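Visitor: The structure is given below, and queries will be raised subsequently.
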Amino acid sequence: MRSKLKSHGIDLNSIPETDVSADKPTKIKKEISELRKTLVNSESMKSLLEEAEELEQKATEKIQKCKKNKIDMRLDVASVVTLGATGALSGLASVSASGIAKAFSRAASAVSGAVRVGIERIKRS
């Protein structure tokens, strides 16, 4: 049991702070919870029970962090797209053909930047 808890601790520590997927910490938390239930029934393993409870709390924190990272990533992409659209609208305000071309160029550049940011974040996770 101690080796399983140690293994789960190592697994939790291997999850990067920028991860957006909560699947791995959720799975680990479920396994730790099952181990903790087993340990609760056994009076002789109090130290393991405390260790399991600490790891379960850590898994919960990792899950929350992953969910926050996912929201942050979406907000980053949305803000870049919004800035690109703002640039496009400001360019359209000057009705000249060159103003319109510049506006579309800014919008395209902002969207490609947002896509790059999204791809980089996905690669990190």
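The values are calculated or read from the model by the stated rules, or taken from the named source; none is laboratory data. Note that the structure is predicted; figures quoted are calculated from it, not measured. Counting neighbours? That spans all protein chains shown, and the Cβs are built from the backbone with ideal geometry, glycine included. Each accessible area value is taken on the protein alone, full model and side chains, heavy atoms only, with ligands, DNA and RNA left out. Shrake-Rupley method; radii C 1.70, N 1.55, O 1.52, S 1.80 Å.
Visitor: Against the condition surrounded by fewer than 14 Cβ atoms within 10 Å (Cβ to Cβ), at pLDDT 75 or above and assigned to a helix (DSSP H, G or I), how does residue 56 come out, does it pass?
Guide: Values: surrounded by fewer than 14 Cβ atoms within 10 Å (Cβ to Cβ): no; at pLDDT 75 or above: yes; assigned to a helix (DSSP H, G or I): yes.
In short, no.
Visitor: So, one more: Mind listing just one residue for me: the one in region 59-84 that is open to solvent by less than 70 Å² (accessible area, probe 1.4 Å) and of a type in the set (S, T, N, Q) and, of those, farthest from residue 10 (Cα to Cα)? Don't jump to the end; show me each part of the working.
Guide: Within region 59-84, the first condition is being open to solvent by less than 70 Å² (accessible area, probe 1.4 Å), and the residues that meet it are 59-60, 62-63, 66, 69, 72-73, 76-81, 84.
Now narrow it down to the ones that are of a type in the set (S, T, N, Q): 60, 69, 79.
On the way: 60: 15, 69: 21, 79: 36 Å.
In this case the residue turns out to be 79.
Visitor: Something else: Which of the residues spanning region 11-23 are surrounded by 12 or more Cβ atoms within 10 Å (Cβ to Cβ) and in a helix (DSSP H, G or I)?
Guide: 11, 12
Visitor: So which residues in region 46-73 are touching a residue at least 40 places away in the same chain (Cβ under 8 Å) and under 9 Å from the mean Cα position of the chain (by Cα), if there are any at all?
Guide: 63, 65, 66, 67, 69, 70, 73
Visitor: Filter region 34-48 for residues that are surrounded by 16 or more Cβ atoms within 10 Å (Cβ to Cβ) and assigned to a helix (DSSP H, G or I) and give the result. Walk me through it before giving the result.
Guide: Step one: filter region 34-48 for residues surrounded by 16 or more Cβ atoms within 10 Å (Cβ to Cβ), giving 35-36, 39, 45, 48.
Result: 35, 36, 39, 48.
Visitor: The conditions are (1) modelled with pLDDT of 75 or more; (2) loosely packed, with under 14 Cβ neighbours inside 10 Å; (3) of a type in the set (S, T, N, Q), and residue 26 fails exactly one of them. Which is it?
Guide: Unmet for residue 26, out of (1) modelled with pLDDT of 75 or more; (2) loosely packed, with under 14 Cβ neighbours inside 10 Å; (3) of a type in the set (S, T, N, Q): (2).
Visitor: Would a scan of region 90-99 turn up a residue that is touching a Phe, Trp or Tyr at 6+ places or on another chain (Cβ under 8 Å), modelled with pLDDT under 80 and either surrounded by 14 or more Cβ atoms within 10 Å (Cβ to Cβ) or on the phi > 0 side of the Ramachandran plot (or both)? It would help to see each step written out before you state the result.
Guide: From region 90-99, those touching a Phe, Trp or Tyr at 6+ places or on another chain (Cβ under 8 Å) are 91; that's our starting set.
Filter again for modelled with pLDDT under 80, leaving 91.
Checking which are either surrounded by 14 or more Cβ atoms within 10 Å (Cβ to Cβ) or on the phi > 0 side of the Ramachandran plot (or both) leaves us with 91.
Within region 90-99, one or more residues are touching a Phe, Trp or Tyr at 6+ places or on another chain (Cβ under 8 Å), modelled with pLDDT under 80 and either surrounded by 14 or more Cβ atoms within 10 Å (Cβ to Cβ) or on the phi > 0 side of the Ramachandran plot (or both).
Visitor: While we're on this one: How about region 60-78: which of its residues are at pLDDT 85 or above and either of a type in the set (Ser, Thr, Tyr) or farther than 14 Å from residue 21 by Cβ (or both)?
Guide: Our first condition is that a residue be at pLDDT 85 or above; within region 60-78, this holds for 60-68.
Listed by number, the residues that qualify are 60, 61.
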